[in-house]
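*Asks:* Have a look at this one.
The values are calculated or read from the model by the stated rules, or taken from the named source; none is laboratory data. Quantities reported herein were computed from a predicted structural model and do not represent experimental measurements. For neighbour counting, all protein chains shown are included, and Cβ atoms are generated from backbone atoms with ideal geometry for every residue, glycine included.
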Amino acid sequence: MNIAGVCGAAIICAILSLVIKKHNGEIAFVLQICGCVIIILYALSEITQVTDKIRDMAESFSINTEYISVVLKALGICFIAEFAADCCKDSGCTALGNNILLCGKIMVLIAAMPMLNDLLTVALGLLSAG
């Protein structure tokens, strides 16, 4: 499947959801969530190519792969939090969705702490050497 297939599946899911929504709003919402999950699973199956290429580039440029892992982990946290928040907002639970986004930001900060620690260590080393 390519982007045309993904868009086609999303449009079909949206049309089915609109038709079903007239009769049963809860089932329409579940259909929307299922469509989103299918699209995300497809995207995740494709993302391994990107992550492999990023890791290869990091190794060829002698970049610490731990930093790349932190960035990829933060990106994953952002995607998952955004998906969950959007689902909550679509179901009318805006406050819950906003709290998920806040939690995602905190989790990104926690994931980035080792990188921040290394950055501060280098900065302090440069300041003390000068």
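*Asks:* Given region 1-92, what helices (runs of 4 or more DSSP H) lie entirely inside it while holding 3 or more residues that are among the aromatic types (Phe, Trp, Tyr) and closer than 30 Å to Ala112 by Cα?
*Replies:* 65-90
Yes/no matrix, rows are residues, columns are (1) assigned by TED's automatic domain parsing to the domain that holds Ala28; (2) in contact with a Ser or Thr (Cβ under 7 Å, 6 or more places away or on another chain); (3) at pLDDT 85 or above:
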residue: Tyr42; (1), (2), (3): yes, no, yes
residue: Ala58; (1), (2), (3): no, yes, yes
residue: Val71; (1), (2), (3): no, no, yes
residue: Ile77; (1), (2), (3): no, no, yes
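*Asks:* When both residues are 6+ apart or on different chains and their Cβ atoms are under 7 Å apart, which pairs have a first residue that lies in region 43-68 and is closer than 22 Å to Leu109 by Cβ, and a second that is among the small types (Gly, Ala, Ser) and surrounded by 11 or more Cβ atoms within 10 Å (Cβ to Cβ)?
*Replies:* Within 7 Å, the pairs are Thr65/Ala58; Ile68/Ala58.
*Asks:* Considering only residues of region 82-121 that are of a type in the set (Val, Ile, Thr) and farther than 30 Å from Ser17 by Cα, which is surrounded by the fewest Cβ atoms within 10 Å (Cβ to Cβ)? Give the derivation first.
*Replies:* Start the filter on region 82-121 by keeping residues that are of a type in the set (Val, Ile, Thr), which leaves 94, 100, 106, 108, 110, 121.
Those left that are additionally farther than 30 Å from Ser17 by Cα: 106, 108, 110, 121.
Numbers: Ile106: 12, Val108: 17, Ile110: 12, Thr121: 10.
Checked region 82-121; the qualifying residue surrounded by the fewest Cβ atoms within 10 Å (Cβ to Cβ) is Thr121.
*Asks:* Scan (1) among the polar types (S, T, N, Q); (2) outside any helix (DSSP H, G or I); (3) in contact with a Cys (Cβ under 9 Å, 6 or more places away or on another chain) for the single condition Asn99 breaks and write down its number.
*Replies:* (2)
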